[in-house]
Amino acid sequence: MQVRPMFIALLMFAALALVACEAADATPTPRVRATRVAVEPTGAPIEPTEAPTYTPVPTNSPAPTLSARAGTPQAAQPVQPFSNSNINDPLLPKFGNFPPKAIPARPNNLNPLTGLAVDPAALQKRPLVARIGNDQIVRTSAWHAGLNAADLVFEELIDIIGTQYAHTRYSAVYLTNTPPLIGPIRSGRIINFQIVPMLDGALVFSGGSNGTRWLFSQSPMINLDEYYNQPAYCYDKTHGYQGRLYTTGARIREWLAQKGWEKAVPLYGFTFGDKPGGSQPVSSIALTRAPWPSWSALEWRYDAASGTYLRFTGGAPHLEVNKPVTAKWGNGADCIIQGAEQRAQVRATNVVVLWARHEKTSIIEDSNKAVSVYSNLTGSGDAQFFRDGVAYRGKWQRANEQEFFEFTDTSGNKYSLKPGNTWFEIVPLGYVIDAK
């Protein structure tokens with residue numbers, strides 16, 4: 001029987017593709033974290049072979065404790081789960097099933113995320129939630145940008161092998177500020193289902209693993225994945241994948257408007273006020289103990305002159321660089337720097353530590369087989385609040401992902417943040433911080 005030439009050509013093409021795939025799976029260069037598993041999105045949702053599952057991450061101690069001067073919170077007590085909140089069902093069925101809470105009365109010029117007075121027109125926007133990387137190589141050879149302009153920053157542990165977390169990553173929230181540069185933009189994680197819904201925000205990110213992308217494709221969140229929205233981003237091609245993707249506040253806002261997604265959304269917000277009583281003097285908050293990764297070790301030091309906390313990583317000031325940037329926006333556009341760069345140390349008006357149950361999932365995040373982590377931020381848990389150089393113990397609580405966190409002191413009274421920006425450090429149950 002004669003074999004058709006076209007069939008032979010197809011066989012040769014398949015063989016070449018197989019060789020290329022094998023080459024792509026080569027062992028990562030030593031001392032450089034392996035890249036995430038590449039997933040090429042399609043127009044249809046990616047169906048995982050098995051639904052993601054969750055198993056608790058072991059902790060080193062039975063309940064959260066702090067150094068003596070900072071107090072000792074007790075183990076978190078979750079509220080009764082809702083009937084449709086089975087943890088084995090990855091969060092999505094809960095979206096849209098809860099009636100919104102009534103928005104508290106406030107002046108029309110008050111930013112509900114910071115408690116600061118702003119131009120009321122600046123509030124007629126949708127919050128942006130940008131995924132910003134914190135790989136060690138970014139802090140040493142690339143540059144962070146836009147962290148000080150964020151109203152809120154959530155820092156979480158991501159990706160775990162055994163009991164070792166890979167590093168931390170940020171979700172930076174922007175409502176009224178329009179930073180000249182934001183980045184480096186990195187991939188999404190399932191914790192974004194815990195943060196974005198309460199803000200009705202737009203998620204600014206670059207891809208993710210198979211399982212995470214599938215979950216995003218099924219959710220109602222506004223998804224600004226760089227793969228589908230390349231004209232909203234620019235590239236600094238002098239850096240590796242950890243530090244090459246950036247955007248600007250103005251460009252993302254413009255892109256949202258083009259898509260018809262830019263609008264004011266109702267925000268419940270936080271409670272702000274004067275410094276409460278019953279505090280303990282604390283000038284330093286350090287997260288350096290295992291399982292917090294040593295290369296992500298951090299310290300917040302109170303600066304009385306500014307009334308804020310300055311961030312240090314690895315004992316050195318954590319700096320960000322503001323570089324005025326533009327681009328010939330389009331697929332694969334280069335970031336074009338305009339003017340001189342300005343360096344500033346990362347700082348926060350409030351630092352809030354949230355203890356939450358951390359659980360392994362079956363979602364594989366990179367070629368080292370690290371799996372994604374689900375941080376349970378619904379129910380209630382212990383919290384530690386830092387403002388004005390003092391510390392308070394208390395609780396966080398919320399019924400579902402669409403509600404804002406509510407904070408109380410040890411007597412059950414509402415806790416007030418200081419007007420200004422807030423950093424949230426999300427840590428596992430049993431984690432020990434050093435506050436002195």
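The values are calculated or read from the model by the stated rules, or taken from the named source; none is laboratory data. Source: prediction; values computed, not measured. With ideal geometry, Cβ positions are generated from the backbone for all residues, glycine too; neighbour counts draw on all protein chains shown.
General remarks:
- Test result for Thr163, more than 14 Å from the chain's Cα centre (by Cα) and surrounded by fewer than 21 Cβ atoms within 10 Å (Cβ to Cβ): yes
- Look at region 255-275: where a residue is surrounded by 12 or more Cβ atoms within 10 Å (Cβ to Cβ) and a partner is β-branched (Val, Ile, Thr), sitting 6+ places away or on another chain with Cβ atoms under 7 Å, you get Trp261/Ile222; Tyr268/Ile103.
- Residue that is under 19 Å from the mean Cα position of the chain (by Cα) and either crowded, with 24+ Cβ neighbours inside 10 Å or closer than 20 Å to Val138 by Cβ (or both), where the choices are Tyr235, Tyr241: Tyr241
Conditions tested, residue by residue: (1) surrounded by 23 or more Cβ atoms within 10 Å (Cβ to Cβ); (2) at pLDDT below 95.
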residue	(1), (2)
Thr176	no, no
Leu181	yes, yes
Arg186	yes, no
Ile190	yes, yes
Pro197	no, yes
Ala202	yes, no
Gly208	yes, yes
Gly211	yes, yes
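- Residue match in region 119-142 (condition: over 23 Å from Gln230 (Cβ atoms), among the hydrophobic types (A, V, I, L, M, F, W, C) and part of a loop (DSSP other than H, G, I, E, B)): no
- Strands (runs of 3 or more DSSP E) wholly inside region 154-241 containing at least 1 residues that are aliphatic (A, V, I, L, M), over 30 Å from Pro120 (Cβ atoms) and touching a residue at least 24 places away in the same chain (Cβ under 8 Å): 164-174
- Taking region 249-339 and the strands (runs of 3 or more DSSP E) fully enclosed by it, the elements with 3 or more residues that are touching a strand residue (DSSP E or B) at 6+ places or on another chain (Cβ under 6 Å), under 29 Å from His358 (Cβ atoms) and among the hydroxyl-bearing types (Ser, Thr, Tyr) are at 308-313.
- Qualifying residue in region 376-391 (condition: outside any loop (DSSP other than H, G, I, E, B) and of a type in the set (Val, Ile, Thr)): yes
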